[in-house]
Amino acid sequence: MNLKHDTIIKHISMIKLTDLLKSILPPHRNPNHFIIESKQVVREITLQPENSYEVTYEKDGGYFSTGDVEYTFNINELPNQFVFPGDPSQTEFVGGMLDIGFTPTGDNLTEPKGGRENLIKIYSTIFKVILDIASKYKPTYLSISCTDSSGYFPIYSQLTKSNKIPGYYRKTVISWKHHQLNNMHTIVLTKNNLK
């Protein structure tokens, strides 16, 4: 037996197997691809709340499931006079604010099943939640927050530019520091009668 020959043959076989797997398996997609594709969806498509997953509302939030990913959301009532900690501008919001934070959980966060059609449905559901909260509670300020590391900020930013929340306009974006979650971004919507 020629061990060197056998080793070369095994190596060639592994190369061929690798090439074969590359040809039949979809390319690995990194989180940046998911973020870019998501931004395109919320920029190019007018989101329709009726094209959404079923949402379960609880006392201070709720959740919806896409099948392989579950999105939970929290609704936090902030004080009547509030400054986001670590905000360099020290902007004070007076009159009460409801803040919404979405958290996806699952094994397939960067490539959920269903492709672009599913992405449209996910962001239509997030848009529906924002609309529902604005309509039910009518806060002076409505904000959507996410951690910097989640990568969702450019998506939510584009969503609030491309889709109108009745009775509200996009006021500002605040970058600040949470004592546990570290760097945060918050998009603040304000009632139309406030300037």
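Every number in this text was worked out from the coordinates using simple rules, so none of it is lab data. This is a predicted model, so every value here is computed, not measured. Cβ coordinates were reconstructed from backbone atoms using ideal geometry, including for glycine residues, and neighbour counts include every protein chain displayed.
Taking the simple approach of a point 7 Å from Cα along Cα-to-Cβ for both R116 and R43, what is their distance in nm?
Simple spin-label model gives 1.4 nm for this pair.
Mind checking which of N80, N183, I126 is farthest towards the positive end of segment 49-195's charge dipole, using Cβ charges of +1 (Lys, Arg) and -1 (Asp, Glu) about the Cα centre?
Of N80, N183, I126, it is N80.
If you average the sequence gap of Cα pairs under 8 Å that are 6 or more apart and divide by the length of segment 36-195, what percent do you get for the contact order?
On the way: 281 pairs, mean separation 40.0, N = 160.
Result for segment 36-195 is 25 percent.
Let a ≥ b ≥ c be the square roots of the eigenvalues of the Cα gyration tensor of segment 103-190; is it rounded (a/c under 1.5), or, if not, prolate (a/b larger than b/c) or oblate?
It comes out oblate by the Cα gyration axes.
Which entries of K39/K164; K113/K138; K59/K164; K59/K128; K59/K113 have Cα-Cα distances beyond 28 Å here? Mind dumping the intermediate values first?
Working: K39/K164 16 Å; K113/K138 35 Å; K59/K164 26 Å; K59/K128 17 Å; K59/K113 30 Å.
As for pairs spanning more than 28 Å Cα to Cα, those are K113/K138; K59/K113.
What full-extension length gain, to one decimal in nm, is calculated for E50 and Y169 as 0.36 nm per residue of separation minus the Cα-Cα distance? Numbers along the way, then the final one.
Values: separation 119, 0.36 × 119 = 42.84 nm, distance 2.19 nm.
Full extension from E50 to Y169 adds 40.7 nm.
Stretched out fully, how many nm does the piece from D107 to L181 gain, at 0.36 nm a residue minus the Cα gap? All intermediate terms of the calculation are to be shown ahead of the outcome.
Values: separation 74, 0.36 × 74 = 26.64 nm, distance 2.14 nm.
The D107-L181 span can extend by a further 24.5 nm.
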